[in-house]
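This is the structure I have questions about; it appears just below.
Just so it is clear, none of the values below were taken in a lab; they were calculated from the coordinates. Quick caveat: nothing in here was measured; it's all calculated off a predicted structure. Because the Cβ atoms are built from the backbone with ideal geometry, glycine has one as well, and the counts that use them run over all protein chains shown.
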Amino acid sequence: MALLLGAKGEDLLTRRGTAEFVEQVRQGLYARMAHLSAGDEELLLLGVRSTLEEELAAEQRCREDFSRALDETDQAEDVQELILVQDRLRAMAVDHFRRRGSVTAFHLMRTVALDRITGAALRITVSQMAVGGVGLPAGRWCWMALGSAGRGEVGRFDACDFLLVHEGNEAGSSFVGFSGRGAGLLERLGIRSRAGITPASSSWRGSLAEWRQRIAVRALEGGGDLDWLIRLADLRLVAGDPSLAAEMVNVVRSALTAQIDPLREIARRTAMMQSGFDFFGRLRVERGMFNLSLYGIGPIVANVRIMTVRFDIQETATTERIRGLLYGGRIDVELAERLLRAWHCFCRHAIQREIAGENGILVDVEEFGEDAEHELHASLEAVGSLQKIVYSSISGQG
């Protein structure tokens, strides 16, 4: 079964996965029914239908409850009310993951919750500034996410990076207080950046013209600064003006389009990220722990992103980028499915450990059964196949 819950619309991978799943179910039913009487066959099929109807009803209830909780964020008047709603939304996402095990559905629920809570926090910030007689933001603005939050792959709220874009250089001073107060309120909600990437810092806020200049300077300098620019390809609007956000995205894309030759060196380095296998083909562990981020999640994100940047694929989510590469003819169906399974494998283990309150990126492979270890090996092999394609198709070796 293809691991595509939360996918946008129907596509080739969805149809293939659905067809495979239905065929497996059909074969299982036929094998069971071969030993039943005619009456019992009908009872079995009725039981299957009843179970499916119950599952569909449960999913519908989950969507409705989650939607109602999201709507409550729009009514919240202070941080304490937001905290209560936030806790409910998190509990719903965790409960759904425990029941369904869907990485994409978990990321989607957490991302939607992050966006609505952030939007509500910024609304409350503006309201408090107005009541306090503090100068309000002058003109349009947009609060944008990058990193995992930008890609819509939110797991933990304490790993969310944001920047602010506003219009008009002369309006910049009016956004200083707004950015600081907004970021401070988000921190009280546990929504913060581990790397200090926040609009509270002048480095991460500015007018569109200022951002265009910063990007141009970074692109001109190249090297490590180009890595910074490539990471901006993950930008996604969270709150504020959509048209201004679209302009910012276009600035980033235009700058990246002009960097084809420097991108080759970045792609070469990305394709040569350290493998999760050691010299003898064993899992690379340190003190018995395997690093999911260093050898799994990180390489998939980086290699898929560099390919989508090079071939101008506009998606930001890793799973959607993989589809974009498939339909752009950059990878085949087999590798696309292997990469989606690998992504699910790595992220599933990470989410399980985070829910348990442990370090989400380190797993003890000694606790794995044979099937789980085989899945991890296959996932790392898919990453290796992707890196070979990146090296040959972008770095100029093929």
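Check which residues have an amide H placed less than 5 Å from residue 240's amide H, if you skip close sequence neighbours.
For residue 240, whose amide H was placed from the backbone, the distant partners under 5 Å are 143.
Under the rule a/c < 1.5 gives rounded, and otherwise a/b versus b/c splits prolate from oblate, where does region 232-287 land using the Cα gyration tensor?
Oblate shape, in that a/c is at least 1.5 and b/c is the bigger or equal ratio.
Sorted from fewest to most neighbouring beta carbons within 10 Å, what does the list 181, 284 look like?
Final ranking by Cβ density, sparse to dense: 284, 181.
Measuring from the lowest to the highest alpha carbon on each principal axis, how far does region 36-258 reach, largest first, in angstroms?
80, 46, 28
Still on this model: In region 217-332, how does Rg compare with the Kirkwood Rh, expressed as the Rg/Rh ratio over alpha carbon atoms?
1.03
What translational diffusion coefficient, to the nearest whole µm²/s, does region 78-144 have by Stokes-Einstein, given a Kirkwood radius computed over alpha-carbon pairs, a temperature of 20 °C and 1.002 mPa s viscosity?
156 µm²/s
Now, a different point. For 70, 163, 84, what's the fewest-to-most ordering of other Cβ within 10 Å of each Cβ?
On the way: 70 20, 163 24, 84 13.
Fewest-to-most ranking of 70, 163, 84: 84, 70, 163.
Let me ask another. Provide Rg and Dmax in Å for region 263-383, with only Cα atoms included in the calculation.
14.7, 42
Quick check of the Kirkwood formula: for the chain, what is the inverse mean of 1/r over all pairs of different Cα atoms, in Å?
Mean inverse Cα-Cα distance, inverted, gives 23.1 Å.
What does the helix-only formula give at 222 nm for the chain: each DSSP H stretch with n ≥ 4 adding -39500 (n - 2.57), the total divided by the residues, and the result rounded to the nearest 500 deg cm²/dmol? Let's see the in-between values first.
Details: 14 runs with 248 residues, N = 398.
It comes out at -21000 deg cm²/dmol, rounded to the nearest 500.
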